[in-house]
Each structure stands twice: as structure tokens, then as C-alpha cells.
Amino acid sequence: MVNIEFGELNNIFVLMQQTEDKIQGDFVKKCHNELPQTRKLIFSVPNGGKRDQITASILNSTGLVKGIPDICFLWAGKVYWIEFKTPEGVLSKEQKEVHSKVNEAGFKVWVFRSSEEAFSFVSSICSGEYNPVMFYRFLSPYCK
């Protein structure tokens, strides 16, 4: 039998309730509040959601690309692409293709399943303490 404290059970329930949008929103809010130097340097690429046919056509004609990562982070002459997934989320076919293309272009995509993981990543970059080994497990498998 497994002993689980109520607080742990509540944390598990909250984690299960997370959506990619919620994880991303929590990340952006934390960066905005705790890393003000990243304001205007961390931005989303609105690429998902349901749209009517006319809006979809306009977006496609102006450069919308399915599979583009959720967040772009610009820092010290580098570009960092961030994708958010729920704990059970998987990359779509389009995301896999884009991650490969991003890698071929010399950039990387990191896939995070919590706002805390992504914040730790960005915070380490901003502080100059970024260690690629610490974040290797978050690197998209299509960027290795």
C-alpha cells in the first residue's frame, strides 16, 4: 500500500489539471514578475486554437506555421525556443518537423512540462549560470 499525504494528493490533482495554456501562462507571469529584464524578450507565438475559415486563411497567408514552439526567448544574441506540454502531452507531427528544421538552422527547442522547469531554465540563462548538461533532458528529441 502507498502512503500519500493529503498535500501530495492535492499536488498530484493540481498537476493533472494543468493545461499547456495554464503552464505557459504561469511561466510568463513568473518571468514578468521575477525577471523584469526579460520583458519584451519572452513572447508567445499564437499558433493554435480553433479559428473560422476566413481568419485561418488570413493567418496562413501571413506566415502562420503549424508546429512553431509556444515561446521565443531572446537573450544575449541567442534565440531559445520553448515548447510546453502537459505531463502526458506529446509532440504533434508538425511540431516534430519544426523542431528538426529549427535544429538544422542551428537553434534548439526545449520542451517543458511545468512552469517551474521553464522558469529555472530562463533564470539560469539570465544569471549567466546556464549549464547545458542540467537542461539536456528538456531538449527536444528532434534537436539532439
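Quick note: the coordinates plus some simple rules give every number you see, no bench work behind them. Quantities reported herein were computed from a predicted structural model and do not represent experimental measurements. Please note: Cβ atoms are built from the backbone with ideal geometry, for glycine as well, and neighbour counts cover all protein chains shown.
Can you tell which of Ser115, Leu64, Gly89 lies farthest toward the positive end of the dipole of the chain, using +1 and -1 charges on the Cβ of basic and acidic side chains (Lys, Arg; Asp, Glu)? Result: Leu64, furthest along the dipole toward the positive end. Along the axis of the charge dipole computed for the range 19-143 (Cβ charges of +1 for Lys and Arg, -1 for Asp and Glu, origin at the Cα centre), the listed residues Ser124, Gly77, Leu35 are led at the positive end by Gly77.
Computed extension gain for Ser100 through Lys22, at 0.36 nm per residue and net of the alpha carbon distance, reaches 25.5 nm. Each semi-axis of the equivalent ellipsoid for the range 19-143 is √(5λ) with λ an eigenvalue of the Cα gyration tensor; in descending order they amount to 24, 17, 15 Å.
Note on the chain: antiparallel DSSP beta bridges, both residues inside, total approximately 70 percent of the bridges counted. Pairs over the 24 Å Cα-Cα cut-off, from the set Lys22/Lys78; Lys29/Lys93; Lys30/Lys96; Lys29/Lys78; Lys40/Lys144; Lys50/Lys93: Lys22/Lys78; Lys29/Lys93; Lys30/Lys96; Lys40/Lys144.
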